[in-house]
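Some notes on the structure that comes next.
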Amino acid sequence: MKSTAAAIIVAVSLILGCIILTKGYNYKFRSHKTVSVAGSAYHNFTADLVVWSATFERTSMNIKDAYTQIKADEQQIQAYLTAHNISPNEIIFSSITNTKLNEDKYNSEGRIAGSVFKGYQLHQQIKIESKNIDNVEKVSREITELLQSGMELNSHEPLYYYTKLSDLKINLLAQASNDAYTRASTIAKSAHATLGKLKNAEMGVFQITGQYSNEAYTYSGTNNTSSKNKTANIIVRMEYELE
């Protein structure tokens, strides 16, 4: 009797152990169904900071004369900008750079036979950073009037920036995440499943393009500075479990 009871106990224990192991194996190695979605968000906005620059230069055989001329140009530009309501703390003049101009001379065989000194060319840049965008745009178009005085000045296109970009990025990230969750919930409901926990989340590239432009997105992220009116776009990829 004792041996029979012992055998029964051992058999029952083996059966229970197999059941526990089987359930554990199935739990560990069962395939989890998931759904992967991409959520997006965009926002149209207008730049709140403009950066405009221009370069001017003077050339002379005498470096002192060239320096005197370019310093006179600097004072004239400063006066022009002040008269057009540009604040002095918005104006930045760069240091003066100097280039020696030489012209190569060729012999009858087309080989360089030396060079002739043509003078000293001094360069300087003026840059304006301002939130008064309309005024700076006007100045960038009209400052070429100074060419009539003999100044050699080249005005560049204004560049436009947004100083609250970090806040905008965070807000768009939240919107894109909510959009991804909504998409995943819709898919789960259509599949008669329940949306489970979030397994993975990945933020895509943050892109800034000109409003209503056909600019292509880039792998590293586009950052348009040529347009005053811009569009920010972000994509978030998420993976959820389905129950």
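Quick note: the coordinates plus some simple rules give every number you see, no bench work behind them. Because the structure is predicted, anything quoted here is derived from the model rather than measured. Neighbour counts run over all protein chains shown; Cβ positions are idealised from the backbone, glycine included.
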Practice task
Can you give me the P(r) profile for segment 154-243? Cα pairs, bins 10 angstrom wide beginning at 0, each as a whole percent.
Solution key: 15, 35, 26, 16, 6, 2, 0
Fill in the blank from the handout: Once Lys and Arg are counted +1 and Asp and Glu -1 for all other residues with Cβ under 15 Å from that of Ile96, the total becomes 0
Practice task
Report the one residue of Gly110, Ser53, Gln148 whose Cα lies farthest in the direction of the positive end of the charge dipole of segment 50-159 (charges on C-beta: Lys and Arg +1, Asp and Glu -1; origin at the Cα centre).
Solution key: Gly110
Completion exercise
So for R0 = 45 Å, FRET eff. of Ala191-Glu142 from the Cβ-Cβ r, to 0.05, ends up at 0.10
Handout entry: Summed side-chain charge close to Ala232 - residues other than Ala232 whose Cβ falls under 12 Å, Lys, Arg +1, Asp, Glu -1
Key = +2
Exercise for the section: Per DSSP H run of at least 4 residues, take -39500 (n - 2.57); add these up for the chain, divide by its residues and hand me the 222 nm value, nearest 500 deg cm²/dmol. Expected result: -12000 deg cm²/dmol
Fill in the blank from the handout: Taking the dipole of the chain about the Cα centre (Lys, Arg +1; Asp, Glu -1; charges at Cβ), the one of Asn132, Tyr80, Ile208 that reaches farthest to the positive side is Ile208
Handout entry: Those GluC sites (Glu not before Pro) in segment 32-124 that DSSP places in a loop and that have at most 11 other beta carbons within 10 Å
Key = Glu109
Practice task
Note down the magnitude of the dipole of segment 94-243 about its Cα centre, charges +1 on Lys and Arg C-beta and -1 on Asp and Glu C-beta and zero elsewhere, to the nearest 20 debye.
Solution key: 220 debye
Practice task
Mind pulling the per residue volume of the convex hull built on the Cα atoms of the chain? Å³ is fine.
Solution key: 315 Å³
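For segment 50-159, what class follows from the C-alpha gyration tensor (a ≥ b ≥ c being the square roots of its eigenvalues): rounded when a/c is under 1.5, otherwise prolate if a/b is larger than b/c, else oblate?
On the way: a/c = 3.09, a/b = 2.36, b/c = 1.31.
Prolate.
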